[in-house]
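Inspection log for the structure reproduced underneath, given as structure tokens.
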Amino acid sequence: MESLPVGEDGIAPHERTLQTSVALDGGGGDIAQARHLAAGFLTRARSEHGRLVSQRAIDLTRLVVSELVTNVRKYAPGPVLLDLRILGDMVEVAVWDSNTEMPIARAADAGRVGQHGLEIVMAVVQGFEVQREPVGKRITARIALLDDPGGAVTGRPPR
């Protein structure tokens, strides 16, 4: 078995937690900015840090970020905080807003126009939670970085 290089702290580069955060100001470009940030974050994780990230994971993360930030723009005036973090074989997307009202996924209804965002998010993620914060709430979704989150990964990360 070939060993991977480790840093001075004894942690291999592919095991380090990668994260980024951005405060969105509530402007009209927030949704596009958030999608772009998410895709760039995962692309850099793959190309610069050797993380295994499928194109499907990038696309699903963009979708989840888009839906969550869209909901914030519709229901919570004010600033939004977007945190992206890679934890193991998942990317964690956390969105904070100042509205204390907890979101509720509605029952599926093919005849309903709109208001399917939370349903979509919950259908494509491996984990989902909502937490009240001292001010507002934080919604966290976890998405598998690989197409088969339960399957074995073969090979080693690119350098």
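Numbers below:
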| item | result |
| --- | --- |
| Heavy atoms of E48 accessible to a 1.4 Å probe, total area in Å² rounded to 10 | 120 Å² |
| For L18, distant residues with modelled amide H under 5 Å away | I86 |
| Nearest-10 value in Å² for the accessible area of M90, using the 1.4 Å probe | 40 Å² |
| Ranked packing of 20-26, 35-41, most packed first, by mean Cβ within 10 Å | 35-41, 20-26 |
| Table column - 3J(HN,Hα) (Hz), the stretch 43-51, Karplus curve with 6.51, -1.76, 1.60, x for Gly and Pro | 5, 5, 4, 6, 7, 9, 10, x, 6 |
| Radius of gyration and maximum dimension Dmax of the stretch 51-138, Cα, Å | 13.6, 41 |
| Order of exposure, largest accessible area first, which applies to T70, T140 with probe 1.4 Å | T70, T140 |
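The values are calculated or read from the model by the stated rules, or taken from the named source; none is laboratory data. What you see is a predicted model; the values in this text were computed from it and never measured. Please note: Cβ atoms are built from the backbone with ideal geometry, for glycine as well, and neighbour counts cover all protein chains shown. Areas reflect the complete protein model, heavy atoms only, side chains present, ligands, DNA and RNA absent. Shrake-Rupley method; radii C 1.70, N 1.55, O 1.52, S 1.80 Å.
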